[in-house]
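Where a number appears in this text, it was derived from the coordinates with a stated rule and is not lab data. Computed from a predicted structure; not experimentally measured. Positions of Cβ are backbone-derived with ideal geometry, glycine not excepted, and every protein chain shown enters the neighbour counts.
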Amino acid sequence: MSEQPFIARGFAGRRAAAQSGRIPPGQYETRDFPVLSAGPTPRTPLASWDFSVEGPEGLLARWSWDEFQSLPRETPTVDIHCVTKWSRLDTIWEGVSLDTLLAAAQPRGTMTWGYMLAVCDGGYTTNLRFDDVVGGKAWVVFGHDGAPLAPEHGGPARLLVPHLYFWKSAKWVRRLQLLQDDEPGFWERLGYHNRGDPWREQRYQGDP
Amino acid sequence: MTYRSVAAPAPARLEWRVATVAQVRDETPRARTLVLDVPRWPGHRAGQHVDVRLVAEDGYQAQRSYSIASAPEEGLVALTVERLDDGEVSPYLCDVLRPGDGLEIRGPIGGYFVWDVAIGGPLSLVGGGSGIVPLMAMLRHRVLAGGVAAAGPPTRLLYSAKHWEELIYREELGRLAARGDVELSFTLTRETPVDWLGYRRRVDESMLAELIWPPAAMPHVFVCGPTAFVEVVATLLVRLGHEPTRVRTERFGPTG
């Protein structure tokens, strides 16, 4: 934010939603569910879908679709914020906490994990700080609003990390690669912020 | 826990700049082009966008993203904004803003939905409604970077709108087509003029098979428009055999 914002002549704006305290700066509330993706929507059959957690030494855990469905489920209700400026309040999801997945993968020994890279069908990736995804803050979700997650919204399963801008909630996620050193993902290499906290308005590289 | 971050210089921040509206131009009954003079504009690539910020007297602010319509070679930033009647920002940009006014922008933003002549062709562009805007920047760049008419990579555009009156840049597109810069197809989905010879239905598989470069030509494909339009077109393109990684999409949500 610049030191002295320029006042737009004759602009009044709306502020009802912003005053709720739940809309981060520069965002507006929408009731729709816009879709943003860089390419066509991939469609992976559930029979060949799997989900894995890997470390530098290789595979730590892997689940088929059926195995994944049998993991303990949670139904978080959260607000989501897209860097393209829309926010949706009280969205309802169903899926598995990353705490559950990482505990099953048992990243063990003396390894200290600082980061992870989420890898998706279609080639999309995004990087996350480890402490941004543990402690009840992140899920792999396969349900939205009581129905299976639609392909254009990331189905069969996507990441959900609602306290960061929504590009971090990678669609069509298939693998979590545990890392010691940070490795920028798809949008992070193309000028977007490395962490993406909407309350600090970390939209693009160089934002505070 | 400590974090070891990869050593890299801190990237420069995209600063907010106060642009001056040099010119406004009505493109259609619902779309207006704002030609902006931006101090120290770092330049952009065709297909990129900017953020616009409006700050009210009491500090309340609203931001939106708009695609850049002008070619990098033009040395200015033109935005074409579609007025959404129940929107918060677009009615201000279309109805209130006038030449001489300031407007805060920052950018350019986005490094994936971009094309330049170095990427080459053939080039297929598929636009729906105001989704034509970043595609127009690519066409304008193709002309200005190439110099000689029709010297750039072979380019086809399929442009869908509801009504003839809502086809943005239709005269300029007609001139480009006459010069051989683009093979142009329009389709109108709601209402057609009595003498209309073009297509009169939503973009479908046979239209894409017939009007843009086939997969065998290994084209670069850019699709931009409303969410539902892009979802349908991109899915059909993959079904027709286009390599998903060669189909780049930009979806417009409802950005009021």
For this session: Would you compute, for the Cα atoms of the range A:84-198, the largest minus smallest coordinate along each principal axis and list the three values in descending order, in whole Å?
Result: 40, 34, 26
Exercise. Just the Cα atoms of the range B:123-252, one point each, no solvent: what log10 I(q)/I(0) does Debye give at q = 0.09, 0.17, 0.21, 0.22 Å⁻¹?
Worked result: -0.23, -0.86, -1.30, -1.41
For this session: Report P(r) for the protein assembly as shown: all Cα-Cα distances, bin width 10 Å, range 0 to the bin holding the largest distance, values in whole percent.
Result: 4, 20, 29, 26, 16, 5, 1, 0
Problem set entry | Net charge dipole size for the range B:157-210 [Lys, Arg +1 and Asp, Glu -1 on Cβ; Debye, nearest 20] | 100
Exercise. Counting pairs of alpha carbon atoms under 8 Å apart in space and at least six apart in sequence, what relative contact order in percent does the range B:123-252 give?
Worked result: 29
For this session: Sticking with the crude label model, points 7 Å out along Cα→Cβ, report the distance from A:Ile7 to B:Arg175 in nm, one decimal please.
Result: 4.1
For this session: Please grab the % of Cα pairs in the range B:1-140 that end up more than 19 Å from each other.
Result: 54
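For chain A, which longest stretch is free of loop sites, where a loop site is one of the GluC sites (Glu not before Pro) that DSSP puts outside H, G, I, E and B and that has at most 10 other Cβ atoms within 10 Å?
A:58-208
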Problem set entry | Relative exposure of A:Ser64, B:Ser124, judged by other C-beta atoms within 10 Å (fewest first) | A:Ser64, B:Ser124
Exercise. Can you list the lysines whose alpha carbon is less than 30 Å from that of A:Lys137, not counting same-chain residues fewer than 8 positions off?
Worked result: A:Lys85, A:Lys168, A:Lys171
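Name the trypsin sites (Lys or Arg not before Pro) in the range B:91-200 that are in a loop by DSSP and that have at most 12 other C-beta atoms within 10 Å, would you?
Answer by residue number: B:Arg179.
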Problem set entry | Descending semi-axes in whole angstrom, ellipsoid equivalent of chain B, from the Cα gyration tensor | 30, 24, 19
Exercise. What residue among A:Asp32, A:Asp132, A:Asp145 has the largest mean-square fluctuation in a Gaussian network model of chain A, using Cα springs under 10 Å?
Worked result: A:Asp32
For this session: Could you compute the FRET efficiency for A:Asp50 and B:Arg13, with r as their C-beta to C-beta distance and R0 at 41 Å, rounded to 0.05?
Result: 0.50
Seminar exercise, completed: Across 5 Å bins beginning at 0, the whole-percent shares of Cα-Cα pair distances in the range B:115-191 come to 3, 17, 30, 25, 15, 7, 3, 1
Exercise. How big is chain A on each of its three principal axes, counting only the C-alpha atoms and giving the largest first in Å?
Worked result: 58, 37, 31
Exercise. Straight-line reach from B:Lys162: which aspartates and glutamates have Cα under 13 Å away, leaving out those fewer than 8 places along the same chain?
Worked result: B:Glu191
Problem set entry | 5 Å-binned pair-distance histogram of the range B:201-256 (Cα, whole percent) | 4, 19, 32, 24, 12, 5, 2, 1
